[in-house]
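The values are calculated or read from the model by the stated rules, or taken from the named source; none is laboratory data. Keep in mind it's a predicted model, so treat the numbers as computed, not measured. FYI the Cβ positions are ideal-geometry reconstructions off the backbone, even for glycines, and counts take in every protein chain you see.
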Amino acid sequence: MTGIASDIGGLFGGNAKKTDRKFQLQGMGDLSNLFNFGFQSGTNETSQSQNLLGQAGGYYSSLLSGDRNATLSAVAPTVNAANATTDASKRSIATSGTARGGGVNATTATLDDQKRASIDNAVNEAKSKAASGATSVGGTMASQAGNLLGMGEGSASSLADIASQSRTTSNDLHQQSAQEVGQLTDTALDAIFS
C-alpha cells in the first residue's frame, strides 16, 4: 500500500513536471514582456531618429530645391564673412585717399566680383554636400526600415515557434499525467482484487 499511497501523493501533490511547466509558462510570459518592452523602446527610439533624419533630409532638400534664400541661409557664415571683408576693403579705400579715378572704381568693382565669387563657391559647395547628405540620410532611413521589418519578422516567428512548442509540451504533459492515472488505477485495482 505504501507504493499506492506514494503514487497518489505524487499525482495530486507537486511534481517536477508541473513545476517545469509552471517555469516554462513563466518564462514565456517573461519573454513576452521583454519583447513588448523592447518593441516599445525600439519604436520610440526609431521615431526620434526618424524625426532627426527627417529634419536633416528637409535641410538638404531645401538646399537642393534651388531656392537661393534657403541656400544663402545655409552658407550665412561665409556670406557674412565675404560681406564684412568687402565692406572693410571699401572703407579702407575710401579713407586712404581722395582719388576718384578709374583705379579706385575698378578695385571696388573687383572686390564686389570677389565677394560674389566667394558666395557662389560656398553655395555650390553647400549644394554638393547636400546631395551627398540627402543620399546618406535616405540610405540610413531605408536601412532602419529594413532592420525593423527583419526584427519584427524574427520576433513573430520566434514567438510562434515557442507557442507551438509549448502546445506540444503541454499535450505531452497531459498524456503523461493520463498514463500515470491509468497506471495508478491499474495498480490500485490489482491490489484490491488480487
Starting from residues that are surrounded by 14 or more Cβ atoms within 10 Å (Cβ to Cβ) and polar (S, T, N, Q), keep the ones in region 38-60 and report whichever is farthest from Arg116 (Cα to Cα). Thr46
Among the residues that make up region 76-90, is at least one of them at pLDDT below 80, of a type in the set (Gly, Ala, Ser) and either surrounded by 11 or more Cβ atoms within 10 Å (Cβ to Cβ) or farther than 30 Å from Ser143 by Cα (or both)? no
Enumerate the pairs (first residue in region 176-189 and touching a residue at least 24 places away in the same chain (Cβ under 8 Å) and in a helix (DSSP H, G or I); second residue anywhere and small (Gly, Ala, Ser) and surrounded by fewer than 13 Cβ atoms within 10 Å (Cβ to Cβ)) with beta-carbon separation below 8 Å, excluding pairs fewer than 6 apart on the same chain, so at least 6 apart or on different chains. Thr187/Gly3
For region 4-24, indicate whether the set of residues that are among the aromatic types (Phe, Trp, Tyr) and either in contact with a Lys or Arg (Cβ under 7 Å, 6 or more places away or on another chain) or at pLDDT 75 or above (or both) is non-empty. no
Residues of region 121-163 satisfying the condition of being loosely packed, with under 12 Cβ neighbours inside 10 Å, of a type in the set (D, E, K, R) and modelled with pLDDT of 70 or more: Asp161
Give the residue, chosen from Leu63, Leu31, that is within 22 Å of Ser128 (Cβ to Cβ) and touching a residue at least 12 places away in the same chain (Cβ under 8 Å). Leu63
